[in-house]
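Everything on this sheet refers to the single structure shown next.
Nothing in this text is a laboratory measurement; each read-out follows from the coordinates by a stated rule. Keep in mind it's a predicted model, so treat the numbers as computed, not measured. Note that we place each Cβ from the backbone using ideal geometry, even for glycine, and neighbour counts take in every protein chain shown.
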Amino acid sequence: MPHEAPQTVPATAAETSADNPWPLRLLSEKLKVHIENSPTSWIEGQLLEVNVRNGHAYLTLRDVDADCSFSVTIWSSVMRRLDSKPEVGSRVVAQVKPSFYAKTGRLSLNASDLRPVGLGELLVRLERLRQSLGAEGLFAPGHKKPLPVLPSVIGLITGRDSDAEKDVIRNATLRWPAVRFRVVNTAVQGVDAVAQVSAALRELDADPEVEVIVIARGGGALEDLLPFSNEDLVRAVFAATTPVVSAIGHEADRPILDDVADLRASTPTDAAKRIVPDLQEEFALLEQARYRLDRAVNLLLERERQNIAALRARPVLANPQTMVITRAEELQRWRERSTDLMRHRVQRATDQISHLRAQMRALSPQQTLDRGYSVTQRSDGQIVRASSEVTVGEELAVRLAAGRLSVTVENISNPSEGKN
């Protein structure tokens, strides 16, 4: 058989195939070059394991909020420069660069610096996050939802078989025996706390029977309470449609959950007292209200009874005829006054008529006739004012003060003769 020419090794991974693959060592070499070209970065986490051998430290670093871990190596030369030695459970920040061991395909991180995160730095970070969320309006009073006066079902998120769970249920039941709880047990510290509490919150918020949700924990160190200041959990509480009560029993360092919750309780016991009323106190308030109502009704009845007695004591009610007699006398006075006024007006009108009659008579032709004058008229009724207006033999009518005369003209004198 003819000898086959050796195949050329593919230059890139995309050019490889089943007939022309890469040797495993080539992939390891290329991964090593690619990974170790990554820049140095600062990371934060919690130390789960610390193993020191021959001056070198081999660590397991876990994310503080998620289930993610990585191996970290600190060489002895770096260990000698550290101010404090790494301890299991401490929270640290490290300056690391990825390292790939091609022989076994193991990826790890080499640390060139490691610093513990102190409480002061944690508080500064929390305060910075608190101010940032506050500027967004997550803590505004206008977003706070009122709690129901008497919730029938209370959602409770707390640790399994915890004192916080017992305190809330016991005190709430003592105050209002009919109250019911829907309890969801979750981790309340550690890496799984944020995810589990957020999931429980969504579950209870979606339940239509749950009227208020309590997130309770019985206090603890600042590091243990960090999940309740996690931004994802804070935003989940803000987005919930059901009122949320924060009951984290830690007064010194308040978690951010207290600021975004619709109600902050100082302890789980305080939460139980503030979400349900006390049955005995309500009975006492009802008794007081009943007493005040009875007293008010009795006072009203007594006041009205006195008013009726005062009305009955008035003369008009003691002798009702007095009112009738008084009104009859007033009516009689008005009638007499009306008659007098009418008589007076009639008399004045009569006098005015007499005066006008006298004036009319003084100016009437009859008055002139009464003094001896007469009025001569022609047959057509025209009044004769001059002798020239008639002719001899013409018949005229003469009107006297009393009666009329018919005359015939026999002689006419010169009109000028009548003028002196």
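For Lys85, the lysines whose Cα falls under 23 Å of its own Cα, not counting residues fewer than eight places away in the same chain, are Lys97. For the residues Gly381, Gly155, Gly220, a GNM of the chain with alpha-carbon springs under 10 Å puts the largest fluctuation on Gly381. Taking the alpha-carbon centroid of each part, what is the distance from segment 282-353 to segment 219-262 in angstrom? Here the two parts' Cα centres lie 71 Å apart. If you look at the Cα atoms of the chain, you get an Rg and a Dmax of 61.6, 198 Å. Mean-square fluctuation check for the chain, GNM, Cα pairs under 10 Å: which of Asp294, Asp19, Asp161 is largest? Greatest mean-square fluctuation among the candidates belongs to Asp19. Looking at the chain alone, DSSP beta bridges between its own residues are antiparallel in about 65 percent of cases.
Alpha-carbon geometry of segment 151-276: the Rg and the Dmax are 12.9, 37 Å, given in that order. Using only the Cα atoms of segment 368-418, build the gyration tensor, take square roots of its eigenvalues as a ≥ b ≥ c, and label the shape rounded, prolate or oblate: rounded if a/c is under 1.5, else prolate if a/b is larger than b/c, else oblate. Oblate. Looking at the square roots a ≥ b ≥ c of the eigenvalues of the Cα gyration tensor of segment 51-109, which shape do they give, rounded for a/c under 1.5, prolate if a/b is larger than b/c, or oblate? Taking the square roots of the gyration eigenvalues as a ≥ b ≥ c, segment 51-109 is oblate.
Ordered by the count of other Cβ atoms within 10 Å of each Cβ, fewest first, Leu156, Leu301 give Leu301, Leu156. Taking other C-beta atoms within 10 Å as the exposure proxy, Leu129, Leu317 rank Leu317, Leu129 from fewest upward. For the pair segment 175-193 / segment 33-53, the C-alpha centres are spaced 37 Å from each other. Qualifying GluC sites (Glu not before Pro) in segment 17-107, where qualification requires a DSSP coil assignment and no more than 13 other C-beta atoms within 10 Å, comprise Glu87.
Considering only segment 151-276, what is the antiparallel percent among its DSSP beta bridges, to the nearest 5? Antiparallel bridges: around 0 percent, rounded to the nearest 5. When you count the other C-beta atoms within 10 angstrom of each residue and take the mean per peptide, 274-280, 134-140, 350-356 line up highest first as 274-280, 134-140, 350-356. Looking at the square roots a ≥ b ≥ c of the eigenvalues of the Cα gyration tensor of segment 118-195, which shape do they give, rounded for a/c under 1.5, prolate if a/b is larger than b/c, or oblate? Note, shape of segment 118-195 comes out oblate.
In this structure, Gln280 and Lys166 have a Cβ-Cβ separation that, at R0 = 22 Å, corresponds to a calculated FRET efficiency of about 0.55. Computed on segment 13-117, the Cα convex hull volume stands at 125 Å³ per residue. Could you give the distance between the Cα centres of segment 103-155 and segment 17-32, to the whole Å? That distance is 44 Å. Summing charges over neighbours of Arg361, with a neighbour being any other residue whose Cβ is under 15 Å away from its Cβ, gives +1 when K and R count +1 and D and E count -1. GNM remark for the chain: springs join alpha carbons under 10 Å apart, and the peak mean-square fluctuation among Trp22, Trp42, Trp176 falls on Trp22.
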